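Read the structure below first, then the notes.
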Amino acid sequence: MIKLHDKFFKPFISAKQIDEALQKMVDQIAVDFADEIPVFVGILNGSFMIVSDFVKKYPNPCEVTFIKLASYEGVKSTEDIQRLIGLTQDLTGRTVIILEDIIDSGRTLAEVHRIFKNEKVKSLSIATLFFKPTAYKRDFKLHYVGIEIPDKFIVGYGLDYDGLGRDLPEVYQIKTTQHMTNLVLFGPPGAGKGTQANFLKEKYNLVHISTGDVFRFNIKNETALGMLAKSYMDKGELVPDEVTIDMLSAEVEKNAAANGFIFDGFPRTDAQAAALDALMQSKDSEISAMIALEVEDQILIDRLLERGKTSGRSDDADESIIANRIKEYYKKTAILKDYYAGQNKYFGVNGVGSIEEITERLSAVIDTL
C-alpha cells in the first residue's frame, strides 16, 4: 500500500499485466494499419508512459505527436475541458490514432473529436489502455481497449493524484475506507467481553457488531436474510456461513463511514475468519487484530456463578455447564489464535482486574495498531 498526499492506495494492476495489455493493443493496431503510417497522438499529461512504451513496441513506421487538455482536478473529472496546447503539424488526410491512458466519462473524447474533425483527418481511431465502462457517458466508439476497470480512482503509469504517482510502473487503486480499526473481540464466558466492547466502541467511536444481535434483528424484522436464516434454524440446521457473512456485510455497508468495527461472536472457524477477511477486503479494509481476554478457569466459574444469582440464566447456575462452555470456547479460540497469529494479529490481554484496568490494557493494544 502507498500514501499520496492524504490518501491511501492499494496495488491494483501489475507492471506485467500492463505490458501484456499494451502488447495486445500494439499487435492489433499493427495488423489493422500495416499498409499505413499512422500518427499516434498522446493526450498529456497522463499518456506519456503509454505513448512511450507503445511506440517502442510498434513494429511499423509511425509518427508521434501530443496535445494537452485540462480535465482532472484532484480525483474529480471537471465539466470544463479546454484545449491548452494544439497540434503542430498538418494532419489533413492522415490516419490518426489517439493513445489514451484512461477513458472514464468520455468528456475528453468529445473535445478530441471536435479538434480532429476540424483537422480533416482521413480516419480517427481511439485506443485506451484503461477503460471504465460503468462511467462512460458518450457514444464515441472505442476501437482498442487494453483493460476494463471499475469506476474507482487509480494512480500510476502516467496517472496522478494532485501531481503524485505518475512515475509508478504499476497501477494502484484508491482505498475508499482510509483509517478503519477493525477488531475481533474474544473472551471466554464470564470474561466481561460485552462490558469491554461497550467501553471500547465509545472510546474509539467504533461500531459493535454482535452476531447474535444481527441475527435477532434480521429475524424480527423479517428481512430476506433473516427469513433465510430462520428457515435453517427451524429445521435444526446450522445457518450457512454465506448467510451470516451477507448479514455482516449489510451491517458494514450501513456504517461505511465508521472509524471501524468490533466483531463479537464471529468468526468461530478458519473458514469464517477467511470469509471475514474477504468481506473487509471488498470494503477496502482489513481486520486489524484479534484481541482475546485471558482469565483463569476458576475465576470465570466463580464470576458466572455469582452472575447466575441475579441473571436468571440457567447456564450461569450450574458449574458443570459453565465448565463445558469454557472448554468449548478454548476449542474454538485455539483455532482462531493460530489463524490470526499467523498474520501477526493475535493479542492476548489479561482479563483479571477492575473494569477500568482491563479497559486500559485493551486500549494499550488498540493504540499501537
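The values are calculated or read from the model by the stated rules, or taken from the named source; none is laboratory data. Note that the coordinates shown come from a computational prediction; the quantities given were computed from them, not determined experimentally. Counting neighbours? That spans all protein chains shown, and the Cβs are built from the backbone with ideal geometry, glycine included. These accessible areas exclude ligands, DNA and RNA; they are computed on the full protein's heavy atoms, side chains included. Shrake-Rupley method; radii C 1.70, N 1.55, O 1.52, S 1.80 Å.
Some notes on this structure:
- Members of the stretch 241-256 found to be more than 17 Å from Lys283 (Cβ to Cβ) and open to solvent by less than 30 Å² (accessible area, probe 1.4 Å), listed by number: Val243
- Annotation: Ile98 fulfils all but one of (1) at pLDDT 95 or above; (2) over 25 Å from Val171 (Cα atoms); the unmet one is (2).
- Residue count for the stretch 211-237 under the criterion of being within 22 Å of Leu185 (Cα to Cα) and open to solvent by 40 Å² or more (accessible area, probe 1.4 Å): the result is 3.
- Here Asn259 fulfils each of the conditions (1) surrounded by fewer than 16 Cβ atoms within 10 Å (Cβ to Cβ); (2) part of a helix (DSSP H, G or I); (3) in contact (Cβ under 8 Å) with a residue 12 or more places away in the chain; (4) of a type outside the set (Asp, Glu) apart from (2).
- Selection over the stretch 158-176 of residues that are among the aliphatic types (A, V, I, L, M), open to solvent by 10 Å² or more (accessible area, probe 1.4 Å) and not in a loop (DSSP other than H, G, I, E, B) gives a count of 3.
- Single unsatisfied condition, Tyr232 versus (1) under 30 Å from Phe12 (Cβ atoms); (2) in contact with a Pro (Cβ under 8 Å, 6 or more places away or on another chain): (1)
- Qualifying position, being part of a helix (DSSP H, G or I), aliphatic (A, V, I, L, M) and touching a Pro at 6+ places or on another chain (Cβ under 6 Å), among Ile326, Ile321, Ile335, Ile301: Ile326
- Among the residues of the stretch 196-220, those that are farther than 16 Å from Lys254 by Cα and either of a type in the set (A, V, I, L, M, F, W, C) or outside any helix (DSSP H, G or I) (or both) comprise Ala197, Phe199, Leu200, Ile219.
- Residue in the stretch 338-353 that is exposed (fewer than 15 other Cβ atoms within 10 Å of the Cβ), in a helix (DSSP H, G or I) and of a type in the set (A, V, I, L, M) present: yes
- Exactly one residue out of Gln28, Gln23, Gln17 is closer than 25 Å to Ile174 by Cβ and at pLDDT 95 or above: that is Gln17.
- Qualifying residue in the stretch 195-203 (condition: free of Cβ contacts under 8 Å to residues at least 60 places away in the same chain and among the aromatic types (Phe, Trp, Tyr)): no
- Test: residue in the stretch 305-316 that is basic (Lys, Arg), over 24 Å from Lys201 (Cβ atoms) and crowded, with 16+ Cβ neighbours inside 10 Å: no
- Exactly one residue among Ile37, Ile67, Ile81 is modelled with pLDDT of 85 or more and either within 36 Å of the chain's Cα centre (by Cα) or among the aromatic types (Phe, Trp, Tyr) (or both), and that residue is Ile67.
- Being assigned to a strand (DSSP E or B), in contact with a Gly (Cβ under 6 Å, 6 or more places away or on another chain) and not acidic (Asp, Glu) holds for only one residue in Val155, Val184, and it is Val155.
- Screening the candidates His179, His208 for the property of being open to solvent by 30 Å² or more (accessible area, probe 1.4 Å) and at pLDDT 90 or above yields one hit, His208.
- Restricting Leu87, Leu142, Leu91 to those that are modelled with pLDDT under 85, part of a loop (DSSP other than H, G, I, E, B), aliphatic (A, V, I, L, M) and under 22 Å from Phe40 (Cβ atoms) reduces the list to Leu87.
- Among residues of the stretch 113-144, those that are open to solvent by less than 70 Å² (accessible area, probe 1.4 Å) and in contact (Cβ under 8 Å) with a residue 24 or more places away in the chain, counted: 20
- Scanning the stretch 282-302 for residues that are open to solvent by 70 Å² or more (accessible area, probe 1.4 Å) and either modelled with pLDDT of 85 or more or closer than 21 Å to Phe347 by Cβ (or both) yields Glu286, Glu294, Glu296, Asp297, Gln298, Asp302.
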